[in-house]
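Undergrad: Take a look at this one; I'll ask things after.
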Amino acid sequence: MRLSRAFIPILKETPKEAEIVSHRLMLRAGMIRQQAAGIYSWLPLGMTVLENIGNIVREEQNRAGAQEILMPTIQPSDLWRESGRYDAYGPEMLRIMDRHEREMLYGPTNEEMVTDIFRTHVRSYRALPMNLYHIQWKFRDEVRPRFGVMRGREFLMKDAYSFDLDEESARHAYQRMFVAYLRTFARLGLTAIPMRADTGPIGGNLSHEFIILASTGESEVFCHRDLLEKPVPSPDTDFWSDLTPIVDDWTSLYAATDEMHDVAAFEAIPEEKRVAARGIEVGHIFYFGTKYSAPMGAKVAGLDGVERPVHMGSYGIGVSRLVGAVIEACHDEAGIIWPDSIAPYQVAILNLKPGDAATDAMVDRLEKGFEAAGKTVLVDDTDQRPGAKFAGMDLIGIPWQVIVGPRGAADGSVEIKRRATGARETLPESGAIAYITEGNAA
Ligand code: P5A
């Protein structure tokens, strides 16, 4: 993609309305446009990152055995009356009347709807365990939408729902999602710590929030310092084996959100190992047993032929919130520093002298070469001065910058800069592609 053709409306001024760095950088880098309080359009750069995050989330859900579906954003109120949440959910629910005066709502979550799908089609334990998920927009009429996409009213969530015959197998399903979440957040370049959490309007009594530490986080959290260094489960985790040892290993160290905080247990940790910090909730998992299946009649017959309500859990990841959360974790004075795994482009080529035949030819060769090697490339072919090009690329945070000017074009060399470290290297043109594709990611 050529920057001269790309729709990346970079702002020169720092927007006044943005209180935290991720919101400022998303606006400055032209990733989003606010349309109403807590409601955003996603422009190309933001959209690409949102999709890249969604794809990693999807890969890890599939690996853990969950199956993707797509439920609608608009739901009928009847289902919510069956579960008893229509009145309980309160003013956060956006209620809509259709032309036939039927009460509808914009879904804040999908426990009821997925339970309805399940009860319609599944009657026997033979279909279990089952986990269905989708990645879909939600609406919650938050009192104080703020911090850009971090606390929006409309936001993109991955929500998975597990169905099991009994509590024991439902706990295995919970563990599968627990481990899948550790892997997902690590792939996004984040250290997310599972913490004992309150269940709020979703319900149940077993729940973990996955929290990344950040001074701008909205939650107050407490944990053991060793959790910050813990290696995540390996890529070849067998999700159908017993994951209890992995989960126990993570949950044996103290970690809790404010609502679940146990001062005595925390103070039993050696002082230098105590972390009291602020955090961003990027995921939240729940086991709530038969809270929805019992009132809604989602039952399966077990081995003995007797029908019982299924045991359920639900598992959320804030996909759009993660775009902001990653920026909170990965930025410097100059701008965003995308992890390679979700960067909107993997390589930026800065043409310092468009119109100079040798420079243009080298840029073209490099662009084709990187694309042939499977990299996505953004070429700055504009006629801004070099300083503005450097600043612009640092702002939008593409992990590798390849700088091509007339001097290099004459002697066959390019300069490569790693955005995260600022490290620069001058290489012969012929070595540039291998240098980046072979992951000199320091
Ligand atoms: C779990 C999946 C649920 O809704 N039902 C289905 C359960 N959980 S949750 O904790 O309420 O939300 C899951 C994740 O969604 C993100 N999130 C938000 N992101 C942006 N703006 C919001 N207003 C917002 N509210 C929730 C969080 O990452 C949360 O962990």
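Undergrad: Within segment 74-117, work out how many residues are surrounded by 14 or more Cβ atoms within 10 Å (Cβ to Cβ) and within 20 Å of residue 284 (Cα to Cα).
TA: Number of matching residues: 12.
Undergrad: What are the residues in segment 149-186 that are more than 15 Å from the chain's Cα centre (by Cα), within 11 Å of the ligand (Cβ to nearest atom) and not charged (D, E, K, R), if any?
TA: 161, 162
Undergrad: Then there's this: Condition test on residue 417, is it among the charged types (D, E, K, R) and in contact with a strand residue (DSSP E or B) (Cβ under 7 Å, 6 or more places away or on another chain)?
TA: yes
Undergrad: Can you pull out every residue in segment 60-77 that is of a type in the set (Asp, Glu) and without any contact (Cβ under 8 Å) to a residue 24 or more places away in the chain?
TA: Residues satisfying the conditions do not exist here.
Undergrad: Among the numbered conditions (1) over 17 Å from the mean Cα position of the chain (by Cα); (2) touching a residue at least 24 places away in the same chain (Cβ under 8 Å), tell me where residue 144 comes up short.
TA: Only one criterion is unmet by residue 144, namely (2).
Undergrad: Among what's in segment 187-203 and is within 10 Å of the ligand (Cβ to nearest atom) and of a type in the set (Gly, Ala, Ser), pick the residue that is modelled with the highest pLDDT.
TA: Filtering segment 187-203 for residues that are within 10 Å of the ligand (Cβ to nearest atom) and of a type in the set (Gly, Ala, Ser), the one modelled with the highest pLDDT comes out as 197.
Undergrad: Something else: Output the strands (runs of 3 or more DSSP E) that fall wholly within segment 362-436 and possess 1 or more residues being surrounded by fewer than 16 Cβ atoms within 10 Å (Cβ to Cβ), or say none.
TA: 424-428
Undergrad: Could I ask something else about it? If residue 144 meets every condition in (1) touching a Phe, Trp or Tyr at 6+ places or on another chain (Cβ under 8 Å); (2) basic (Lys, Arg); (3) within 12 Å of the ligand (Cβ to nearest atom) apart from one, which number is that one?
TA: Checking residue 144 against (1) touching a Phe, Trp or Tyr at 6+ places or on another chain (Cβ under 8 Å); (2) basic (Lys, Arg); (3) within 12 Å of the ligand (Cβ to nearest atom), the one that fails is (1).
Undergrad: Checking the condition within 16 Å of the ligand (Cβ to nearest atom) and either of a type in the set (Val, Ile, Thr) or farther than 27 Å from residue 109 by Cα (or both), which residue from 282, 300 passes?
TA: Exactly one of 282, 300 is within 16 Å of the ligand (Cβ to nearest atom) and either of a type in the set (Val, Ile, Thr) or farther than 27 Å from residue 109 by Cα (or both), namely 282.
Undergrad: Taking segment 243-265 only, how many residues are without any contact (Cβ under 8 Å) to a residue 60 or more places away in the chain and out of contact with any Ser or Thr (no Cβ under 9 Å at 6 or more places or on another chain)?
TA: Selection size over segment 243-265: 12.
Undergrad: What residue, among those in segment 231-246 that are part of a loop (DSSP other than H, G, I, E, B) and among the aliphatic types (A, V, I, L, M), is nearest to residue 174 (Cα to Cα)?
TA: Among those that are part of a loop (DSSP other than H, G, I, E, B) and among the aliphatic types (A, V, I, L, M), it is 243.
Undergrad: How many of the residues making up segment 66-116 are aliphatic (A, V, I, L, M) and under 20 Å from residue 204 (Cβ atoms)?
TA: Number satisfying all stated conditions: 6.
The values are calculated or read from the model by the stated rules, or taken from the named source; none is laboratory data. For clarity, every value in this text was computed on a predicted model and none was experimentally measured. Here Cβ is always computed from backbone atoms with ideal geometry, including for glycine, and neighbour counts include all displayed protein chains.
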